[in-house]
Every structure is written in structure tokens, then in C-alpha cells.
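Participant: Before we start, here is the structure in question, set down as C-alpha cells.
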Amino acid sequence: METVFFKGQACHTCGMLPTIGETASCFHLAGPDLSQVLCSDFTGKRVVLNIFPSLDTEVCARSVRKFNEEAAKLKDVVVICVSMDLPFAMGRFCTVEGIKNVIFGSAFRSPLFGQKYGVQLVDGPLAGLLTRAVIILDENRRVIFRDLVEEITNEPDYEAALKVLREEV
């Protein structure tokens, strides 16, 4: 169990984020058009899992925009933005914001994602949603970066994540 904070209030996750060097669990998410987003779709690519509570908050939306602009420019890198938002909301957000360089994956049908990756909040005001984290997987699904954002209302450390991606090239 990890401890994070929402506006200063302690909240806990179900399990722990995978550790550096660990092979991450395969994932099965729903895309904006209800298609499947599977870990096997990204074999041979580095995967940035940009995980957050909901697109309906400005901090989450900013993280999507930032990774859409920066990480998606890098060779053999795929950014998957993961939340419990319904796929329809994700699709609408992409259209309104002009987001074209990231993939959205809803975990609404995949409660095991939040549990296996240690990001599902089990208490506090956001219980049932995912906490804010960035996990980067290499071409073999090994974890090469992890950032569990301590205060959910803060943004992740983009520069640290991008540095890891640039060094791995």
C-alpha cells in the first residue's frame, strides 16, 4: 500500500507501484471507441503510462497536453493516458483539445489494472479512481521509470520522465 495525499488528506492505494527493473503486468484497457488497448499492441516500443484520476480536472488535462507535445515526439515511444474516465469522455476530450499523439485507455472495465499497478485509490474522497503516477516501460515491459505523485493535485515530474526517455534512445 502506498500513501498519497489529496489536498493534504492521506489516501492509500491498493498495492505498490511496480519497481524499477520489474517486468510490469500486461494491461487490458478500453480505447475511446471501445476498442481494446492491450500491452501486446506495443511490443518493441517504450510505453509511458500517464495515470491520473480524471480528465475533468485541469491538472490531469495538462499532463495529457504535456505528454502529447513532448514524449510523443520521441522515437519508438507510445504514451497511454490511463484513468477511470469513460471512453466516450476520453474521445470527446481528444476532439476538443486536438490531442493526436497519445492513446487513451480507460480502466473502467479493468479493475485489475489499478490493483496490479498499485494505483487504485482505496480510501479518501477519490476512492475507486486512480492516483496520479507516471510509469515508463521499456521495449520488454520492464519498468525504467516510476513517479508516484505524492500530492494528487500536483503535476508529475515531466522533465525526469522525459530525461529517462531521451537517455534510453
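The values are calculated or read from the model by the stated rules, or taken from the named source; none is laboratory data. Not measured: the values here are computed from a predicted model. Don't worry about glycine lacking a Cβ; one is built from the backbone with ideal geometry, like all the others, and counts go over all protein chains shown. Note: areas computed on protein heavy atoms with side chains; ligands, DNA, RNA excluded. Shrake-Rupley method; radii C 1.70, N 1.55, O 1.52, S 1.80 Å.
Participant: Counting only pairs 8 or more places apart or on different chains, how many lysine pairs in the range 1-84 have C-alpha atoms closer than 21 Å?
Facilitator: Close lysine pairs under the 21 Å cut-off: 4.
Participant: Find how many whole Å separate the alpha carbon centroid of the range 4-75 from the alpha carbon centroid of the range 119-169.
Facilitator: After rounding, the separation between the Cα centres reads 7 Å.
Participant: Also, quick follow-up: Can you work out ³J(HN,Hα) from phi for every residue in the range 118-126, in order, using Karplus 6.51 cos²θ - 1.76 cosθ + 1.60 and θ = phi - 60°, giving whole Hz and x for Gly and Pro?
Facilitator: Going residue by residue, I get x, 10, 6, 7, 9, 8, x, x, 9 Hz, with x marking Gly and Pro.
Participant: Moving to a separate point now. State in Å² the accessible area per residue of the range 35-97; use a 1.4 Å probe, count heavy atoms of protein chains only, and round to the nearest integer.
Facilitator: 43 Å²
Participant: Where nothing but the Cβ of Lys and Arg (+1) and of Asp and Glu (-1) is charged, how large is the charge dipole of the chain around its Cα centre, in debye to the nearest 20?
Facilitator: Charge dipole, the chain, about its Cα centre: 320 debye, nearest 20.
Participant: To continue, here is another question. Once you keep just the Cα pairs under 8 angstrom separated by 6 or more residues, what percentage relative contact order results for the chain?
Facilitator: 33 percent
Participant: Now a separate question. Of the beta bridges DSSP finds with both residues in the chain, what % are antiparallel, to the nearest 5?
Facilitator: Within the chain, antiparallel bridges account for around 65 percent of the total.
Participant: Moving to a separate point now. Taking the convex hull of the Cα atoms, report for the range 1-73 its projected area averaged over all directions, in nm².
Facilitator: Convex hull of Cα atoms, orientation-averaged projection: 6.7 nm².
Participant: Moving on. In a GNM of the chain with a 10 Å cut-off on Cα contacts, which of Gly15, Gly124, Gly31 has the highest mean-square fluctuation?
Facilitator: Ranking Gly15, Gly124, Gly31 by mean-square fluctuation puts Gly124 first.
Participant: Probe radius 1.4 Å, ligands and nucleic acids ignored: give me the carbon and sulfur share of the accessible area of the chain as a rounded percent.
Facilitator: Here carbon and sulfur together make up 51 percent of the probe-accessible area.
Participant: Then there is this: With viscosity set to 0.692 mPa s and temperature to 37 °C, compute the Stokes-Einstein D of the range 1-153, Rh being the Kirkwood radius across alpha carbon pairs; µm²/s, no decimals.
Facilitator: Answer from the Stokes-Einstein relation: 216 µm²/s.
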